[in-house]
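The values are calculated or read from the model by the stated rules, or taken from the named source; none is laboratory data. Quick caveat, the model's predicted, so the values are computed rather than measured. Every residue, glycine as well, gets a Cβ built from its backbone with ideal geometry; the counts of neighbours run over all protein chains shown. All accessible areas refer to the heavy atoms of the entire protein, side chains included, with ligands and DNA or RNA removed. Shrake-Rupley method; radii C 1.70, N 1.55, O 1.52, S 1.80 Å.
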Amino acid sequence: MKVRLFFESAGVAILALLPFLWEFLLPDHLVIYHNLQPVSTITGSLAIILLLAIVFALILLFFLDRFDPGYNSLGWAAVLIWAFARSTGNLFFLLSYYDVETFPGRHVKTLLQYGIAAIVLFLWWRLRGKFQSAVRASRVLFFSIGCCVVWMLPQLVAITVHCAAPVQSFSSPKLKDSVNSSSARIVWVLFDELSYAQVFEHPQPGLSLPNFEQFKKKSVSFANVQPAGYFTDIIVPSLFLGRRLDKVRSSIQGDLFIYPRETQKWEPFRPDETVFHDAQHLGWSTGVAGWYNPYCHILASVLDFCFWESINPFFHGMSDRAPMLVNVRDFLVELSFSRIKGNSASVHFASNAHAQEYENILPAAEALAGNDAIRFAFIHLPVPHPPGIYNRATHTYSEHGTYLDNLVLADQTFGALLQALKHSGGDSHTILIVSSDHSWRVGMWKMNNTTWTKEEERASGGKFDPRPVLMVHFPDETAGETIAQPFAEIKTRQLIDAMLQGQLHSPQDLDRWLATK
């Protein structure tokens with residue numbers, strides 16, 4: 001009896017904490033891969049929190065079992081309503097993560113949850129026998145789910161013990177002696193979630209993006225880029241390798257493994273098969289200043305300089321990943337606030353975390369853009385990726401910003417990088433590539449972000465336009481050109497390889513190269 005009650009309580013606790021646990025229980029270990037700080041503090045805290053939740057559920061079920069063994073009270077109805085409504089919410093959360101653009105919206109989940117509550121209350125009120133059968137069946141379900149605790153807790157403990165912090169930055173001493181102001185450079189700037197449609201085709205009235213607009217007027221722009229995926233952690237390694245990846249995963253130590261579409265087999269990510277290795281093999285120095293992906297860990301052997309800013313380990317609201325927590329206190333804050341629609345505390349934490357990430361990466365990005373010692377530089381910036389962190393009217397950080405506000409911040413950031421490049425004198429011999437990994441993922445943010453606004457709905461039309469940005473500017477190029485035919489983003493590596501090999505020096509060279517692809 002006691003054993004059964006323990007596992008039933010464990011099942012209830014797991015249902016309650018699943019949105020916080022699932023990242024650490026998945027075999028891909030990407031929550032470890034994307035964090036600069038070791039997640040041992042998080043997993044250790046979650047293990048403690050899970051035990052506390054089990055104790056709380058055990059007390060609740062013990063009293064219900066003792067004082068209402070016949071399942072006649074509203075207490076059992078409340079347990080069923082909570083458990084199944086929570087399960088519905090968790091199911092929507094997990095399923096929408098993998099197919100968010102076509103998955104039913106938040107209102108469908110809410111209707112289902114209200115429907116569950118109505119059915120349970122009706123059974124208790126009018127069909128007491130069926131209600132009692134439902135309680136008995138639910139307790140069997142709780143027991144079955146609760147049995148998972150025998151592997152969940154050991155996994156949390158294993159991550160706590162074995163996880164270590166990766167390297168955040170490094171610089172090769174040889175760079176000090178390698179500056180040559182006449183050497184050709186390639187600077188590749190990737191703005192996370194920058195939408196071609198929102199910047200160039202359907203800009204909103206009053207939205208000023210002068211740096212992007214002026215750059216397009218003197219660059220080759222691709223108007224129909226076919227994205228290499230939906231998620232950054234899959235797209236960016238795909239671009240580096242020039243191979244379409246379907247999945248990625250990490251070891252507990254943070255080592256990357258890839259699942260290429262052509263082989264359908266897991267294999268280790270090899271930095272010596274990337275465009276950075278190509279550059280070094282041809283005598284180019286290489287550098288990265290990037291966000292989200294652990295560049296300094298996975299590319300260490302093919303970089304001369306690296307700086308990496310991870311997602312904030314406090315918690316990141318509803319981003320590409322589930323909330324990430326540091327300790328019991330942080331969990332209680334998140335549990336109290338993040339489930340309340342539009343709650344200012346949740347918005348405040350998520351926005352401040354993202355703004356801090358932006359502030360941390362910006363100096364390294366500007367320094368890399370203006371560093372002539374790095375001949376092939378890659379810069380990955382966390383804007384205009386939501387959550388909104390800016391107010392374009394006041395030009396200040398704001399926890400109530402929108403994607404459109406972030407677009408303005410991205411444009412201003414681009415202006416700062418252009419100034420750094422110009423100040424170094426590198427603009428006269430630099431091929432500048434401006435791109436994004438994916439477009440604005442409207443479905444994701446409508447489903448998962450409680451701060452979705454009418455302005456964003458109006459700007460997007462509620463639809464996902466998948467086209468990311470890709471623009472190339474050659475030194476001394478003064479006239480713009482728009483390429484209308486489809487271009488597969490996965491060919492970016494081939495494009496850069498041609499530049500590294502000295503095959504592309506002008507828009508005309510690029511046109512000829514495209515004609516062969």
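A few comments on the model shown:
- Debye equation applied to the C-alpha atoms of the chain, log10 I(q)/I(0) at 0.05, 0.09, 0.12 Å⁻¹: -0.23, -0.69, -1.11
- Rough spin-label spacing in nm, given labels placed 7 Å along Cα→Cβ, for S169 and L153: 4.2
- Descending by average beta-carbon neighbour count within 10 Å, the peptides 280-289, 117-126 line up as 280-289, 117-126, the highest first.
- Per-bin percent of Cα-Cα distances, the stretch 375-442 [5 Å]: 4, 15, 23, 20, 16, 11, 8, 2, 0
- Considering helices alone, the calculated mean residue ellipticity of the chain at 222 nm is -15500 deg cm²/dmol, with DSSP H runs of length four and up weighted by -39500 (n - 2.57) and normalised per residue.
- Listed pairs K216/K247; K265/K491; K109/K463 exceeding 24 Å between Cα atoms: K216/K247
- Estimated distance in nm for a label pair at A416 and F56, the labels positioned 7 Å out from Cα along Cα-to-Cβ: 4.1
- With a Förster radius of 51 Å applied to the beta-carbon distance between R458 and H281, the computed FRET efficiency rounds to 0.55.
- Test item: Cα-centred dipole of the chain, Lys/Arg +1 and Asp/Glu -1 on Cβ, debye: 2040
- Where only alpha carbons of the stretch 1-77 are counted, the Rg and the Dmax (Å): 16.1, 52
- Span-like helix check, the chain: qualifying full DSSP H segments, with Cα axial length of 18 Å or more and mean Kyte-Doolittle of 0.0 or more, are 2-25, 40-67, 74-98, 106-126, 128-146, 149-162, 344-369, 403-423.
- Cysteines without a disulfide-compatible neighbour (Cβ-Cβ under 4.7 Å), the chain: C147, C148, C163
- Rounded FRET efficiency, nearest 0.05, which uses the C-beta distance separating S73 from L111 and R0 of 22 Å: 0.20
- Proximal lysines relative to K218, as straight alpha-carbon distance under 16 Å, when same-chain residues fewer than 8 apart are discounted: K422
- Probe 1.4 Å, protein heavy atoms only - accessible area per residue of the chain in square angstrom: 41
- Computed from the C-beta positions of F63 and Q264, the FRET efficiency with R₀ = 45 Å rounds to 0.30.
- A straight chain from Q485 to Q204 at 0.36 nm per residue would run longer than the Cα-Cα distance by 98.7 nm.
- Options T43, L58, N72, ranked by Cα towards positive dipole end of the stretch 1-89, top entry (Cβ charges): N72
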